[in-house]
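Report on the structure given below.
The values are calculated or read from the model by the stated rules, or taken from the named source; none is laboratory data. Predicted model, so just to flag it, every value in this text is computed and none were measured. As a convention, Cβ positions derive from the backbone with ideal geometry for all residues, glycine included, and neighbour counts pool all protein chains shown.
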Amino acid sequence: MSQFTKIKIEGKIELLSGLHIGGSTAFAAIGAVDSPVIKDPVNNLPMIPGSSIKGKIRFLLAQAMNQKVAEDPNQDDSKITRLFGASMGGGEKGDQIIRGRLLFRDSLLTNKAVLDELGVRTYTETKFENTIDRRTAEASPRQIERAIRGSQFSFELIYELDNQEEAEEDFETILTGLQLLELDYLGGNGSRGYGRVRFKDITANIVYGKYDVTQFNERLKELL
């Protein structure tokens, strides 16, 4: 019987360029930002939903690891589905739920005081973007809000280790996902330079149960 174990992987996400993850656009007054960022309702500061991080990492892993194009996430490589979950249907025993081993927390702004010392008075910026109709040459300008470059957000990931024989392989998959995200972008408009991020000070610690995470921490220092 395996020892039930939870491992916390935590650190920081630093923005190397402006980041846009959209919030509500149900109402926008004339002259207001067309596409605001999502914000923490408690302090109105920009935040990164855990679902955005999870979804982008899973997407990148699927591109890198799947042997064929998956019609839906349930067809992802087993190394991915056991970390992120899946819902298989149509078998003799009915629907089969694969419970993911990863839990992603929302990421909150952590260096507000540092930004204040640098003279920052607003933690988002408005960037004007334009699209051109190729038939009419008519411009369609819009205002997009971004969390500013230099912002740092908390990063917390809980890994539930329920099979020690697969732990090392799971860790390598997690590392690959983090590396791929650094090489890609988070949020929207990545082809326009948005959403470049870097992981900092990432460490793994046991929060329940027993497991030696020394080797994994060495790999984290080596690759991130």
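Among the residues in region 25-34, are any surrounded by 12 or more Cβ atoms within 10 Å (Cβ to Cβ), modelled with pLDDT under 95 and touching a Gly at 6+ places or on another chain (Cβ under 9 Å)?
No, because not a single residue in region 25-34 is surrounded by 12 or more Cβ atoms within 10 Å (Cβ to Cβ), modelled with pLDDT under 95 and touching a Gly at 6+ places or on another chain (Cβ under 9 Å).
Of the residues Val114, Val207, Val120, which single one is in a loop (DSSP other than H, G, I, E, B), of a type outside the set (D, E, K, R) and on the phi < 0 side of the Ramachandran plot? Spell out how you get there, then give the answer.
On the way: Val114 fails: in a loop (DSSP other than H, G, I, E, B); Val207 fails: in a loop (DSSP other than H, G, I, E, B).
Only one candidate passes the filter, namely Val120.
Of all residues in region 56-100, which are touching a helix residue (DSSP H, G or I) at 6+ places or on another chain (Cβ under 9 Å), modelled with pLDDT of 80 or more and small (Gly, Ala, Ser)?
Ala62, Ala64, Gly85, Ala86, Ser87, Gly100
Here is a yes/no grid of residues against (1) in a helix (DSSP H, G or I); (2) over 23 Å from Thr110 (Cβ atoms):
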| residue | (1), (2) |
| --- | --- |
| Arg146 | no, no |
| Ser154 | no, no |
| Glu160 | no, yes |
| Ala167 | yes, yes |
| Thr203 | no, no |
| Asp212 | no, yes |
| Leu220 | yes, no |
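Assuming Ile144 fulfils every condition listed in (1) over 30 Å from Gln3 (Cβ atoms); (2) surrounded by 20 or more Cβ atoms within 10 Å (Cβ to Cβ); (3) at pLDDT 95 or above apart from one, which condition is it?
It fails just one condition, (3).
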